[in-house]
1. Any idea how far apart Ala56 and Asp96 come out in nm if each label point goes 7 Å out from Cα toward Cβ?
2. Quickly work out the Leu25-to-Val86 label distance, labels modelled 7 Å from Cα along the C-beta direction, and quote it in nm with one decimal.
Amino acid sequence: MPGLRLAGGQHRRYAPIAMTAKEKLRQAADELSELEAERMLEIITRRRERDPVIAAFEDAPEVDEPLTPEERASLDEAWEQRHDSVPLDEFMRELD
């Protein structure tokens, strides 16, 4: 059933569509328990504090296009070369 799920599994439908988003939000907030309200405030606060650049990356759609043969070859080459890497401690000893 669409609407707000309340504590105890009860559902309450939203008021008529004529309500604004802020009016619906106020109604939903009034129906929350104190604990639910605290959790929602934490979510809103974190969301407002998000770095916009990080948010853009996090909210970007997943790329699901198939790889071109050139991209596949480049990835295969990179995976092969990773086995030629040197552990960090060995690298640091070589610098000394």
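1. Placing both labels 7 Å beyond Cα along the Cβ direction yields 4.4 nm.
2. The modelled label-to-label distance comes out at 5.6 nm.
Any read-out appearing in this document is the output of simple, stated calculations on the displayed coordinates, not a laboratory observation. If you're wondering where the values come from, they're calculated on a predicted model, not measured in any experiment. A quick note on method: Cβ atoms are made from the backbone with ideal geometry, for glycine too, and the neighbour counts reach across all protein chains shown.
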